[in-house]
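Asks: Could you have a look at this structure, given as structure tokens, before my questions?
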Amino acid sequence: MTISTHVLDAARGRPFAGITVSLQRRDGTEVSSAETNADGRITGWGDGLPAGVYRLVFDTSEAAPFFPEVVLTFDYSDPAQHYHVPLLLSPFAYSTYRGS
């Protein structure tokens, strides 16, 4: 299965396109990097990745300068499942959850 993310502008109620996101191992080694599409999404990461702790590093410097970078660390414990890790971003706050 795969890992995906979705970046949403919580203040305006719309997706954030053009956010660069890096998928990394816990030690900081980059596995992949991509930019969110027009719908604010990146899909298809993780195919063949072993279980472990990974992180998504979002370059939010243009979208929310107060938070120039957001790092979400998660446990990819079952590669047979899909992992959706969205980011809801506003100028002075952000949140996340495990999506479906």
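Asks: Just one of the numbered conditions (1) at pLDDT 95 or above; (2) open to solvent by 80 Å² or more (accessible area, probe 1.4 Å) is not true of ILE19; which one?
Replies: Every condition holds for ILE19 apart from (2).
Asks: Does the range 3-43 hold any residues that are within 19 Å of SER77 (Cα to Cα) and in contact with a His (Cβ under 6 Å, 6 or more places away or on another chain), and which are they?
Replies: Across the range 3-43, the qualifying residue is only SER4.
Asks: Out of ASP59, ASP27, which single residue is in contact with an Asp or Glu (Cβ under 8 Å, 6 or more places away or on another chain) and either charged (D, E, K, R) or touching a residue at least 12 places away in the same chain (Cβ under 8 Å) (or both)?
Replies: Working: ASP27 fails: in contact with an Asp or Glu (Cβ under 8 Å, 6 or more places away or on another chain).
The unique qualifying residue is ASP59.
Asks: Any chance the range 26-37 includes a residue that's closer than 18 Å to ARG98 by Cβ and surrounded by 14 or more Cβ atoms within 10 Å (Cβ to Cβ)? Spell out the reasoning first.
Replies: Narrowing the range 26-37 to residues closer than 18 Å to ARG98 by Cβ: 26.
Still in the list and also surrounded by 14 or more Cβ atoms within 10 Å (Cβ to Cβ): none.
Looking through the range 26-37, none of the residues is closer than 18 Å to ARG98 by Cβ and surrounded by 14 or more Cβ atoms within 10 Å (Cβ to Cβ).
Asks: Please list, ordered by residue number, the strands (runs of 3 or more DSSP E) wholly in the range 1-76 having 3 or more residues that are farther than 17 Å from SER90 by Cα and not basic (Lys, Arg). Write out each step before concluding.
Replies: Working: elements: 3-9, 20-25, 30-35, 41-45, 52-59, 69-76.
Qualifying strands (runs of 3 or more DSSP E): 20-25, 30-35, 41-45, 52-59, 69-76.
Asks: Oh, and also: Could you please find all residues in the range 73-87 being more than 10 Å from the chain's Cα centre (by Cα) and either surrounded by fewer than 16 Cβ atoms within 10 Å (Cβ to Cβ) or under 19 Å from THR36 (Cβ atoms) (or both)? Outline the logic, then answer.
Replies: First, pick out the residues of the range 73-87 that are more than 10 Å from the chain's Cα centre (by Cα): 74-83.
If the condition is that a residue be more than 10 Å from the chain's Cα centre (by Cα) and either surrounded by fewer than 16 Cβ atoms within 10 Å (Cβ to Cβ) or under 19 Å from THR36 (Cβ atoms) (or both), then PHE74, ASP75, SER77, ASP78, ALA80, GLN81, HIS82, TYR83 are the ones that fit.
Asks: Could you give me the residue pairs with C-beta distances under 9 Å whose first residue belongs to the range 68-81 and is closer than 18 Å to ILE19 by Cα, whose second residue is open to solvent by less than 80 Å² (accessible area, probe 1.4 Å) and of a type in the set (Phe, Trp, Tyr) wherever it lies, and which are 6+ apart or on separate chains?
Replies: These pairs meet every condition: GLU69/PHE58; VAL70/PHE58; VAL71/PHE58; LEU72/PHE58; THR73/TYR54.
The values are calculated or read from the model by the stated rules, or taken from the named source; none is laboratory data. What you are looking at is a predicted structure, and each value in this text was computed from that prediction instead of being measured. Virtual Cβ from ideal backbone geometry, glycine too; neighbours counted across all protein chains shown. SASA here: full protein model, heavy atoms, side chains in, ligands and nucleic acids out. Shrake-Rupley method; radii C 1.70, N 1.55, O 1.52, S 1.80 Å.
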